[in-house]
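As structure tokens, the structure follows; a few thoughts come after it.
FYI, it's all coordinate maths here, none of it is from the lab. Just so you know, these numbers come straight off a predicted model, no measurement behind them. Glycine gets a Cβ as well: all are built from the backbone with ideal geometry, and neighbour counts include every protein chain shown.
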Amino acid sequence: MHTVTRPIIIFLCICLVLLLLFPAVGGPFYTELVTKIMILSIFTISLDLLIGFTGLVSFGHAAFFGIGAYLLAILFNEVEHINYWWSLTLTLSLTGLAALVIGWLSIRTSGIYFIMLTLAFAQMCFYFFFESPHFGGDDGIFLANKPEIKFGTHQLIDLENEHHYYYFVLAWLVGVYLFLSMILRAPFGHVLIAIKANEQRVRALGYSTPHYKLVSFVIAGTIAGLAGFLEAAHTSFVTPAYLGWHESGMAIMMVILGGMGTLFGPVIGTFIVVLLQDFLPNFTEHWKLIMGGIIIGVVLFLPNGIAGLIYSISNRFTSSQKEHGREHV
Amino acid sequence: MESSFYLIQLLNGIQYGFLLFLLASGLTLIFGIMGIINLAHGAFYMIGAYLCYWLTGITGNLFTGILLAIPLSILFGYAVERLAISHLYNRDHLYQVLLTYALILIANELQSIFWGNDVHSVAIPEVLKGSIQLTDNQAYPIYRLFISSACIVLAILMYWVIQKTKLGMTIRAGASNREMVQALGININWLFAIVFSMGATLAALAGMLSAPVNSVYPGIGDNILIISFVVVVIGGIGSIKGAFIGALLIGLADTFGKVLLPEMASMVAYALMAAVLFWRPQGLFGKV
């Protein structure tokens, strides 16, 4: 894990200002696209908590994204006026419960077993929704009405309005970012990072590492469920593909490309991958070939991702400053 | 009627289990000996099926198609190991997952470039056409019996290679202690290349054998990959015996699941895996 240095904070603040200003210049299509990217970023940040901070390589994280989306669509399908806070609370608690069960079974194993188990459980959830005739099967399911955010009788934020929703999702993204950076600075987070570095040593220090891993898994699953909830409320449509293993694979790609072990890295990775997915099909029908080539390139030449690059640049910057200071002394 | 119906399902389940064993045995050896998590294993199944379709179409005969496809699969597995997998030794599983995932994307796109996105069928040769009449209206196709017997022959061959030959001795030694094998002066790169292309060829063979039954279509390798993972996890990583038992269990569970619980059929295999792992987290024959 890297400490957040001042150049990084300045960089993040510039990114935030750019995101705040974007809808004014971006036009409706790109505003919608960036909304989608920010929702996916919430999902990939939560995956980074597992991969980059706790050292748990989950290959089934898309399951929780899909469960969050499906729960909103299933539980509130017939409801005319969906209370936003109630639906969110219910969806997230149930997603957290699913993460607790799957996590409890999975963290008993480690290494390759953990990867394959999370993958297999995600496939199990996928087939549950794919084959079940009650939940739309392979066609997916529509959500008739969007949740309403009301304060008394006054409607606070209109989720039908693309600009409202953009800022709403941005607020969630910033909130999740701050929440996770708070957790990671707390003693709990230090234990997670230590588990990634050397689990045996942490256990020798008297920590019950399975409990820490499980809590991390549940937090990550619940945040992924939040992203799924936001996506379902955005598009009013949920398909089993949300839970598919290709989604989990692409999410890992986004985390690694952006830089795991940093909270802002996954956001950068998500932006790049989704923009490429949007951009490449203009050139060739076989754009996944290029995508595969990019992934191989990242694995071989950029294992620390773009955040790693940013850190090495900012380190050079701060160390040259220090040398500069030393000359004066 | 009832009992012959269940007999047919039993035979189908065993036949599916044998096919899964061809995939899972390679996968489990690649895990156990090379320490590589190979998501591209399903891609070899897909390539086997497409090669079989293509070469059978050219030569007009399934057997010559398969015979020509086998050396191609060996070469292909060897090339993938040298070009991609060999960069992954001693790296974190995370990067192995990512790189082999990229190989799937590439293999699927190449398949769509070379062979298109249509569903193709492969003709069963005259000798193996027809079926055995069990009762008035229940019959069992001969070709499926051929698949099962081919798998049994391959399994015996594999047993012989692994238990009785010098190469097999090296492979077994590599599975139990990789460093010691290296210390004894055995070229581990050579061993890895052989194990990988052997596993790839077994997966491709499974694809070839099942092509006439399941037809050939895009994404054919993706679903079977995950089921093979389930088999490996149930059997225990690195254990061929475990892969055999796990494959038969999953083959039977899946087949009978489709008959008895049609709405939840695809979930039965995963539920079985969860149950086994609840009882034994390291799999049936896995080492702790």
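Just a few scattered comments:
- Beta-bridge orientation, the protein assembly as shown: approximately 80 percent antiparallel, per DSSP, counting only bridges with both partners inside.
- Eigen-decomposition of the gyration tensor built on the alpha-carbon atoms of segment A:88-198 gives equivalent ellipsoid semi-axes of 32, 26, 11 angstrom, largest listed first.
- Between segment B:140-190 and segment A:267-294, the alpha-carbon center distance in angstrom: 40
- Formal net charge of residues neighbouring A:G244 (Cβ-Cβ distance under 12 Å; K, R +1; D, E -1): -3
- Cα-based equivalent ellipsoid of segment B:134-178: semi-axis lengths in Å, sorted from largest, via gyration tensor: 38, 9, 6
- Whole-Å semi-axes of the ellipsoid equivalent to segment B:2-216 (Cα gyration tensor, √5λ, descending): 33, 21, 15
- In this calculation the C-beta distance from A:T235 to B:I142 is compared with R0 = 30 Å, giving a FRET efficiency of 0.05.
- For segment A:41-247: rounded, prolate or oblate by the Cα gyration tensor [a/c cutoff 1.5]: oblate
- Estimated from the Cβ-Cβ distance and a Förster radius of 56 angstrom, the FRET efficiency linking B:L72 and A:L20 is about 0.50.
- Inter-label distance, B:I58 to A:L12: 5.8 nm, where each label sits 7 Å from its Cα along the C-beta direction.
- Debye equation applied to the C-alpha atoms of segment B:142-212, log10 I(q)/I(0) at 0.20 Å⁻¹: -0.86
- Classification of segment A:222-275 by its C-alpha gyration tensor yields a prolate form. The axis ratio a/c (a ≥ b ≥ c) is 1.5 or more, and a/b outweighs b/c.
- Extents of segment B:1-64, largest first, come to 48, 36, 16 Å (Cα atoms, principal axes, whole angstrom).
- Using bins of 10 Å that start at zero, the share of Cα-Cα pairs per bin across the protein assembly as shown amounts to 3, 15, 25, 26, 17, 9, 4, 1, 0, 0, 0, in whole %.
- The long axis of helix B:2-34 is offset from the longest Cα principal axis of chain B by roughly 10 degrees.
- In degrees, nearest ten, helix B:142-164 long axis to first principal axis of chain B (Cα): 20
- P(r) for segment A:187-329, from all Cα pairs and a bin width of 5 Å, is 2, 8, 11, 14, 16, 15, 13, 9, 6, 4, 2, 1, 0 %, short bins first.
- Note on B:E179 and A:F317: the model spin-label points, each 7 Å out from Cα along the C-beta direction, lie 4.3 nm apart.
- Karplus-derived 3J(HN,Hα) values for segment A:221-236, using 6.51 cos²θ - 1.76 cosθ + 1.60 with θ = phi - 60°, are x, 5, 5, 4, x, 4, 4, x, 4, 4, 5, 5, 5, 6, 9, 6 Hz; glycine and proline are entered as x.
- Chain A: relative contact order in percent, alpha carbon pairs under 8 Å with at least 6 residues between: 31
- Shape of segment B:36-120, Cα gyration tensor, a/c cut at 1.5: prolate
- Distant-in-sequence amide H partners of A:I157 (H built 1.01 Å from N, under 5 Å): A:I149
- Angle between chain A longest axis and helix A:305-328 axis [Cα atoms, degrees, rounded to 10]: 30
- Using θ = phi - 60° in the Karplus curve 6.51 cos²θ - 1.76 cosθ + 1.60, the 3J(HN,Hα) couplings for segment A:100-112 round to 5, 5, 5, x, 4, 6, 7, 6, 5, 10, 8, x, 4 Hz; x is entered for Gly and Pro.
- This ranking places A:H286, A:H211 by how few other beta-carbon atoms lie within 10 Å of each, fewest first, which gives A:H211, A:H286.
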